[in-house]
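Report on the following structure.
The values are calculated or read from the model by the stated rules, or taken from the named source; none is laboratory data. Because the structure is predicted, anything quoted here is derived from the model rather than measured. Every residue, glycine as well, gets a Cβ built from its backbone with ideal geometry; the counts of neighbours run over all protein chains shown. Surface accessibility is based on the protein's heavy atoms, side chains included, excluding ligands, DNA and RNA. Shrake-Rupley method; radii C 1.70, N 1.55, O 1.52, S 1.80 Å.
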Amino acid sequence: MHIVSVSLGARSYEIEIGCSLDQIGSRLQGLGLGRKMAVVTNPTVKKLYGQRLVDSLTAGGFLVMSIEVPDGEQFKNLDWANAIYTALLINSFDRKSALVALGGGVIGDLTGFAAATFMRGVPFIQVPTTLLAMVDSSVGGKTGVNHAMGKNMIGAFYQPVKVLMDQSVLTSLPKEELLAGLAEVIKYGVICDEALFDYLGENRKKILALDIDAISHIIRRSCEIKADVVSRDEREGGLRAILNFGHTLGHAIETAESYALRHGFAVAIGMVYASRLAHKTGLCDASVPDRVERLIESYGLPTDLSALSRRPAVIELMDAMQVDKKAEGGKVKFVLPKKIGEVIITKEWDEEVLKKLIAG
Ligand SMILES: NC(=O)c1ccc[n+]([C@@H]2O[C@H](COP(=O)([O-])OP(=O)(O)OC[C@H]3O[C@@H](n4cnc5c(N)ncnc54)[C@H](O)[C@@H]3O)[C@@H](O)[C@H]2O)c1
């Protein structure tokens, strides 16, 4: 087991990597949690791991109920948050009763939001079951739901009490979901850690085969990087924005594809274009976009807009990026690499160069 700490004063917590599902009940003892606990999950994950987690929590002395939310991003909304509140109220949950999120980022975000808002905040525990959730969404305290007018528009910063990861659950994860998570791991390499970037290149076969040492290593480094960034900038006042490398164009691509393309795949393409933009505007040398593209391609992730179901018009993507602009109340921010392992956040990027790159 490897422990990564997220240092946030009174809201500090530990990420335990390599904690078997069967140990979770005992790992949650002695934290001052109430006896009642609700495991929030979806039918896919419940069928695979629900009973093991419930048994483990019961053996740890907790009185456990399960709440099932249908599988899919479209259920990450206020209606399902409300369904969770109702189940908790019917079962007389109080302010010490904890929620346990068993699933990927959808379940984690929804459960975290329900925990943040039920009775003004109850404890919650993340048990992530996708690679994306392990390396990204379960760490850092961003919780939320979607609104008909936009993704993640309703939410709260709310940190979990603990994040417990059993990497063996990744064996049942569809390959595309694994790849989507790997795109975020590649992101950490580019923004902060050249050694991780190189490791991903040198250990591709082992990682794709879910070799336990290799997969644990990349999860650990990703969590360490995210924990460090979040500890220094919990509410995205500045530094935390580096985690958005590849996401500015990535979000626009997701919109253009009506969310039919996985987030990680859109981010992969976004990272290549951001690296090309950095090179074309003299921020880095040509080896940077070349290396980023080669690594992404080696994992079978898309690197170019030609991979989309249709080539979006330049104006369409530029317009879709303005959503970020509105959120910031200013110019769109781009995260651009200076070299592998170092990026800058800038509003002063060259729009004409990006348009040319998008036009191909
Ligand atoms: N809070 C954050 O900081 C943050 C960061 C990134 C992404 N997100 C959010 O995360 C969500 C995406 O998360 P995701 O990629 O994990 O998708 P997801 O939660 O939809 O999971 C993907 C699919 O894998 C299935 N699954 C999960 N674990 C499995 C397992 N072990 N075996 C087999 N199948 C399994 C799920 O049922 C689902 O069908 C989005 O809503 C996104 O907005 C949040």
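Hey, among LYS187, LYS205, which residue is farther than 21 Å from CYS19 by Cα, open to solvent by 40 Å² or more (accessible area, probe 1.4 Å) and either in a helix (DSSP H, G or I) or of a type in the set (A, V, I, L, M, F, W, C) (or both)? Residue meeting the stated conditions: LYS205.
Among the residues of the range 44-64, write down those that are touching a Leu at 6+ places or on another chain (Cβ under 8 Å) and either aromatic (Phe, Trp, Tyr) or part of a helix (DSSP H, G or I) (or both). I'd like the intermediate steps shown before the answer.
Taking the range 44-64 as the starting set, the residues that turn out to be touching a Leu at 6+ places or on another chain (Cβ under 8 Å) are 45-46, 49-50, 52-53, 56-57, 60, 62, 64.
Within the range 44-64, VAL45, LYS46, TYR49, GLY50, ARG52, LEU53, SER56, LEU57, PHE62 meet the criteria.
Scanning the range 10-27 for residues that are under 23 Å from the mean Cα position of the chain (by Cα), of a type outside the set (Val, Ile, Thr) and either under 13 Å from VAL161 (Cα atoms) or crowded, with 18+ Cβ neighbours inside 10 Å (or both) yields a total of 7. Does the range 329-336 include one or more residues that are touching a residue at least 40 places away in the same chain (Cβ under 8 Å), assigned to a loop (DSSP other than H, G, I, E, B) and open to solvent by 50 Å² or more (accessible area, probe 1.4 Å)? Within the range 329-336 (the criterion being touching a residue at least 40 places away in the same chain (Cβ under 8 Å), assigned to a loop (DSSP other than H, G, I, E, B) and open to solvent by 50 Å² or more (accessible area, probe 1.4 Å)), the answer is yes, since at least one residue qualifies. Restricting SER306, SER258 to residues that are farther than 20 Å from PRO337 by Cα, part of a loop (DSSP other than H, G, I, E, B) and modelled with pLDDT under 95 narrows the list to SER258. For the range 104-123, the count of residues that are free of Cβ contacts under 8 Å to residues at least 40 places away in the same chain, part of a strand (DSSP E or B) and surrounded by 24 or more Cβ atoms within 10 Å (Cβ to Cβ) is zero.
Looking only at the range 124-150, filter to residues that are open to solvent by 50 Å² or more (accessible area, probe 1.4 Å) and in contact (Cβ under 8 Å) with a residue 24 or more places away in the chain; which one of those is farthest from THR86 (Cα to Cα)? Walk me through it before giving the result.
First, pick out the residues of the range 124-150 that are open to solvent by 50 Å² or more (accessible area, probe 1.4 Å): 142, 147-149.
Restricting the remaining residues to those that are in contact (Cβ under 8 Å) with a residue 24 or more places away in the chain gives 142, 147.
Details: LYS142: 23, HIS147: 20 Å.
Selected residue: LYS142.
If the condition is being out of contact with any helix residue (DSSP H, G or I) (no Cβ under 8 Å at 6 or more places or on another chain) and either within 16 Å of the ligand (Cβ to nearest atom) or farther than 21 Å from LEU33 by Cα (or both), then the range 78-98 contributes LEU78, ASP79, ASN82, ALA83.
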